[in-house]
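The structure appears right after this line, and notes come after that.
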Amino acid sequence: MLAKNYAAAGQISVMEYMRHCNAAYYAKSDPLGRDGDFITAPEISQMFGELAGLWLADIWIRQNRPDHVNYVELGPGRGTLAADALRAMAKIGLNPAVHFVENSPALRQEQQSRVAGASYHDALDQLPKEGPLLIIANEFFDALPVRQMICTESGWRERFLQIDRSSDGDIQFLPVAGEKDCSQLVPEHLRSAQPGSIWESNPDTAAAIEQISARLRAQGGVMLICDYGYVHSALGSTLQAVSAHKYADPFERAGEVDLTAHVDFLAASQIGRQCGLQIAGPVEQGFWLSAMGINQRAEALLRAAPQRAEEIISARNRLVQPDQMGGLFKILAMHAPDWPQPEGLSPAIA
Ligand code: SAH
């Protein structure tokens, strides 16, 4: 479907390809959950959203309970995380205004069925300019388009996709190197790599963090980022496609599979810091959830519903264990300098 729109274009950068594919992918349906393409932490268990809500409420309490607080979620998926977090916050007296940054009509509908009264925004600059912002982004930044450079015999080039029509009429996207030299864009210590090496950057994530940093400094508040990612910048493509819980070819079935790229947590921290925020973490998701009391919460759920013991324990294990989401996902927070240090994020991974 999407491929047809590109048939005349000739070439497209990997970054623009990923942007268009994901916009098309998320616009049409709900890809989350057991029967979808992939499953996220809040869909695995209510414990994830509840602990995220309590984490925010703890910061709010230690900041002396400011008024006119906004709960902001970037890419709220089905709204499950927000529903669980808002319920946990309400129990201790925090009832913020709710703002969702979401551009998928299908997912907006899902969100409305779980969270009533949220305000919707297509972009970050539409967020309220008054009151502190308590921001959560779970598996949001990994969906933003990644820019790729490839090392060739004659220097670094942006990675493009050549759009060809095969003999049976199908549109194919074939990776090729661009013509313009881009060596200056690649960090100096990585420039003398082997031909074929790939270096990624994420200009959209950088721009979003700059924008959010300015708001957090002006209005107060904190942002929690949970995502796949790496802590030390390195070479290699992290672009991957997932369909029906299995890996797929990222350059096939354009707009029909979920495309992600790993978040560069070092770059994200540096931008936040340069913009005047305090940084906490990154730590592994399992470390943060354990520090936030996931075991105690699991025990309470078990006492209330002993017949669900197997499900509760296996969800807890999936979220926490190092060889599962517990180690693959990292948690990073950024906060206004006059806001308290968040719980559960130190010592950071060096
Ligand atoms: N946070 C949810 C969903 C993760 S999937 C969860 O944990 O379950 C990624 C989410 O980000 C989806 O809601 C998708 O529609 C949204 N999204 C992706 N790119 C976006 C963009 N550029 N602007 C706004 N929302 C976007």
Quiz item: Not counting the cut sites, what is the longest span of the chain without GluC sites (Glu not before Pro) that DSSP labels loop and that have at most 15 other Cβ atoms within 10 Å?
Solution: 1-129
Quiz item: By how many degrees, 0 to 90 and rounded to 10, does the Cα axis of helix 80-91 deviate from the longest principal axis of the chain?
Solution: 20 degrees
Quiz item: For segment 136-178, what's the radius of gyration and Dmax over Cα atoms, in angstrom?
Solution: 15.2, 47
Practice problem: Divide by every residue of the chain the summed helix terms, -39500 (n - 2.57) for each DSSP H run of at least 4, and state the resulting mean residue ellipticity at 222 nm, rounded to the nearest 500 deg cm²/dmol. | Solution: -10500 deg cm²/dmol
Quiz item: Shape of segment 11-55 from its Cα gyration tensor (a ≥ b ≥ c, root eigenvalues): rounded if a/c is under 1.5, otherwise prolate when a/b > b/c, or oblate?
Solution: prolate
Quiz item: Does segment 266-350 come out rounded, prolate or oblate, given a ≥ b ≥ c as the square roots of the eigenvalues of its C-alpha gyration tensor, rounded meaning a/c under 1.5 and, failing that, prolate meaning a/b above b/c?
Solution: prolate
Quiz item: Say we join alpha carbon atoms closer than 10 Å with springs in a Gaussian network model of the chain; which of S166, S290, S243 then has the biggest fluctuation?
Solution: S166
Exercise. On a C-alpha basis, how far is the centre of segment 167-205 from the centre of segment 269-300 in Å? Whole number, if you could?
Key: 33 Å
Quiz prompt | Footprinting exposure proxy for T80, T40 (fewest neighbouring C-beta atoms within 10 Å first) | solution = T40, T80
Quiz item: Between the helical axis of 46-62 and the dominant principal axis of the chain, each derived from Cα atoms, what acute angle in degrees is found, rounded to the nearest 10?
Solution: 70 degrees
Practice problem: Treating each Cα of segment 167-239 as an identical point scatterer and ignoring solvent, apply the Debye formula and state log10 I(q)/I(0) at q = 0.19, 0.25, 0.28 Å⁻¹. | Solution: -1.00, -1.28, -1.42
Quiz item: So if we plug the beta-carbon distance of E310 and S113 into 1/(1 + (r/R0)^6) with R0 = 30 Å, what FRET efficiency do we get, rounded to 0.05?
Solution: 0.60
Practice problem: Determine the percent antiparallel among the DSSP beta bridges restricted to the chain, to the nearest 5. | Solution: 65 percent
Self-check item: Selection from T260, G220, A241 lying farthest towards where the dipole of segment 120-279 points positive, charges on Cβ
Solution: G220
Quiz prompt | Hull-based mean projected area of segment 234-279, where the convex hull spans the alpha carbons, in square nanometres | solution = 4.7 nm²
Quiz item: Roughly what would the spin-label model give for S166 and E299, points 7 Å off Cα along C-beta, in nm?
Solution: 5.7 nm
Quiz item: With the radius of gyration and the Kirkwood radius both derived from the Cα set of segment 72-230, what is their ratio Rg to Rh?
Solution: 1.10
Quiz item: So, how do all the Cα-to-Cα distances of segment 58-100 break down into 10 Å bins, in percent, from 0 on up?
Solution: 27, 56, 17, 0
Practice problem: Enumerate the aspartates and glutamates that K246 could reach by cross-link, defined here as Cα to Cα under 19 Å, with residues fewer than 8 away along the same chain left out. | Solution: D30, D35, D37, E43, E139, D142, D227, E256, D258, D323
Self-check item: Calculated FRET value between S192 and D125, using beta carbons and R₀ = 45 Å, to 0.05
Solution: 0.70
Quiz item: Per the Kirkwood definition applied to all pairs of different Cα atoms, how many angstroms is the hydrodynamic radius of segment 87-180?
Solution: 18.0 Å
Quiz item: From the square roots a ≥ b ≥ c of the eigenvalues of the alpha-carbon gyration tensor of segment 185-319, which class results: rounded (a/c under 1.5), prolate (a/b over b/c), or oblate?
Solution: oblate
Practice problem: Report, in degrees rounded to the nearest 10, the 0 to 90 angle that the Cα long axis of helix 105-114 makes with the longest principal axis of the chain. | Solution: 10 degrees
Quiz item: Where does the chain land on the Kirkwood hydrodynamic radius, alpha-carbon pairs, in angstrom?
Solution: 21.2 Å
Quiz prompt | Ellipsoid equivalent to segment 290-332 - semi-axes via the Cα gyration tensor, in Å | solution = 21, 12, 5
Self-check item: Neighbour-count order for Y230, Y71, fewest beta carbons within 10 angstrom listed first
Solution: Y230, Y71
Quiz item: If you put +1 on each Lys and Arg Cβ and -1 on each Asp and Glu Cβ, how big is the dipole of the chain around its Cα centre, in Debye rounded to 20?
Solution: 740 debye
Exercise. May I ask for the distance between the Cα centers of segment 24-47 and segment 51-80, given as a whole number of Å?
Key: 22 Å
Quiz item: If only Cα atoms are counted, what is the Rg of segment 309-350, and what is its Dmax, in Å?
Solution: 14.1, 43
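A short reminder: the numbers here are calculations on the coordinates, not readings from a lab. Just so you know, these numbers come straight off a predicted model, no measurement behind them. Note that each Cβ is placed from the backbone with ideal geometry, even for glycine, and that neighbours are counted across all protein chains shown.
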